[in-house]
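One structure is given here, and the rest of the page talks about it.
The values are calculated or read from the model by the stated rules, or taken from the named source; none is laboratory data. For clarity, every value in this text was computed on a predicted model and none was experimentally measured. Every residue, glycine as well, gets a Cβ built from its backbone with ideal geometry; the counts of neighbours run over all protein chains shown. Side chains included, ligands, DNA and RNA excluded: accessible areas come from the protein's heavy atoms. Shrake-Rupley method; radii C 1.70, N 1.55, O 1.52, S 1.80 Å.
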Amino acid sequence: MNAWTIQETEGHRHLQRSAQPSPVPTTGEVLVRVRAVSLNYRDFINLDKQRPGNLPPPLIPCSDGAGEVVAVGDGVARFRIGDRVAGIFFRDWIAGRFDLRYHQAALGGSLHGMLAEFTTLPEHALVSVPAHLSYEEAATLPCAAVTAWQALFTRGGLVPGASVLVLGTGGVSTFALQLAKAAGAHVFVTSSSDEKLARATTLGATATVNYITHPEWDQEIWRLTEKRGVDHVIEVGGPGTLPRSMNAVAAGGQIALIGVLTGFAAPDASLFPLMARNIRMDGIYVGSRADFEALNTFLSAHQIHPIIDAVFPFSEAPAACEHLRSAAHFGKVVISLP
Ligand SMILES: NC(=O)c1ccc[n+]([C@@H]2O[C@H](COP(=O)([O-])OP(=O)(O)OC[C@H]3O[C@@H](n4cnc5c(N)ncnc54)[C@H](OP(=O)(O)O)[C@@H]3O)[C@@H](O)[C@H]2O)c1
């Protein structure tokens, strides 16, 4: 089979396409013919640098993929040949509270990922794809959508009428916008682009703020919410945005700490506002299979289709990565396999 792997040549890391032995399912495993893969910001973090705990090169990258079951090993009971499935991000996180050992089996990091024509996974590491979604759409779900789901619902307890702030219009934020809107929330969106903000409005955003023309966007959120703040912040920015997110959240609200778009450093801010406002801060790392299944039920009930910015053929995987890196996208970037 063909697969893309992260290779390292004289200290330079890059993607390389090569022929690999086709995997064969053993007892309890399912062989999936991968039909689509989606990219996440994490994928080029892993491409650029050897992260602690990740497999060294050659690593097949990408946590997110969907495809068709083409063979099953002995004892497989959850799936049959022909079923449409997607892999879960943490192979062994089925339900309940997180355990540190789940980091040892994260697709596209500590385990090989989905950017290959075929993959084998234990049957417990797959979910059924909702009937209304294409393979391209289903491939966007395992990381970004499950993360937004866990942040808003499993941990956030989002209720109709609550307010949600999403930062930017990348994968996680766009899913958070769609899910929160469908749940009856008021969603505030920031972006560097007025054009993207106009698209967010068509998806149902209540109000939008351009964080380039309004670098003090927290004050805009404060003004727009009549000095109340928002109930939930989908914090994908990290140290560069957290201080303003703390200013933008309402008393008793929640900050879902998700991303590192501004890096891994410590935030340059007092944490006192968290206490003064009785704010809850939840560290979020994707979610369990149970989160994924609950998400799928919700997507089906509301007939939600993920927002796909661009689809690249398998042969152009490096160009797809560069498109994501450019941050020109709105929503998700997908790689399609024949
Ligand atoms: N903890 C987890 O489980 C988890 C899961 C998924 C992702 N993440 C993390 O969450 C972050 C987002 O991931 P993603 O895959 O959704 O990324 P993505 O699709 O690449 O998002 C990129 C977008 O983020 C926005 N952005 C960049 N810098 C910003 C800033 N300073 N303030 C506000 N928005 C900014 C931009 O939106 P505009 O162009 O509209 O300005 C940009 O287009 C990443 O750090 C990723 O590692 C964490």
Antiparallel content of DSSP bridges confined to segment 68-205, in %, to 5 | 45 percent
With a 1.4 Å probe and every protein chain left in place, tell me how much accessible area residue 335 has, in Å² to the nearest 10.
-> 0 Å²
With every protein chain kept in the model, how would you rank 255, 81 by accessible area, 1.4 Å probe, largest at the top?
-> 81, 255
So which aspartates and glutamates pass the test for residue 227, namely a Cα distance under 18 Å, with those fewer than 8 places away in the same chain ruled out?
-> 216, 218
Any lysines whose Cα falls less than 16 Å from that of residue 196, other than same-chain ones fewer than 8 residues away, would be 332
Considering only protein heavy atoms, with the full assembly of protein chains and a 1.4 angstrom probe, order 332, 227 by accessible area, largest first.
-> 227, 332
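For the chain, what is the mean residue ellipticity at 222 nm derived from helices alone (per DSSP H run of n ≥ 4: -39500 (n - 2.57); sum divided by total residues; nearest 500 deg cm²/dmol)?
That comes out to -6500 deg cm²/dmol.
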Build a GNM of the chain with springs between Cα atoms under 10 Å: which of 250, 327, 294 gets the top mean-square fluctuation?
-> 327
Keeping all protein chains in position, work out how much accessible area residue 135 exposes to a 1.4 Å probe, and write it in Å² to the nearest 10.
-> 30 Å²
Just add up the charged neighbours of residue 320: K/R +1, D/E -1, any other residue whose Cβ is under 14 Å from the Cβ of residue 320.
-> -3
Any idea what the dipole of segment 210-303 comes to, in debye rounded to 20, about its Cα centre with Lys/Arg Cβ at +1 and Asp/Glu Cβ at -1?
-> 160 debye
Roughly how many Å² of residue 216 are accessible to a 1.4 Å probe, to the nearest 10?
-> 100 Å²
Exposure ranking of 281, 246 by accessible area [1.4 Å probe, largest first] | 281, 246
Antiparallel DSSP beta bridges within the chain, percent to nearest 5 | 55 percent
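Counting only protein heavy atoms and using a 1.4 Å probe, what share of the accessible area of the chain belongs to carbon plus sulfur, as a whole percent?
Exposed carbon and sulfur together represent 54 percent of the surface.
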Report the local net charge at residue 134: Lys and Arg +1, Asp and Glu -1, summed over other residues whose C-beta lies under 10 Å from its C-beta.
-> 0
Taking 0.36 nm per residue of separation between residue 264 and residue 216 and subtracting their Cα-Cα distance, the length gained on full extension comes to 15.1 nm
For the chain, what's the relative contact order in percent, using C-alpha pairs closer than 8 Å and at least 6 residues apart?
-> 18 percent
Within-13-Å neighbourhood charge of residue 229 [Cβ basis; K, R +1; D, E -1] = +1
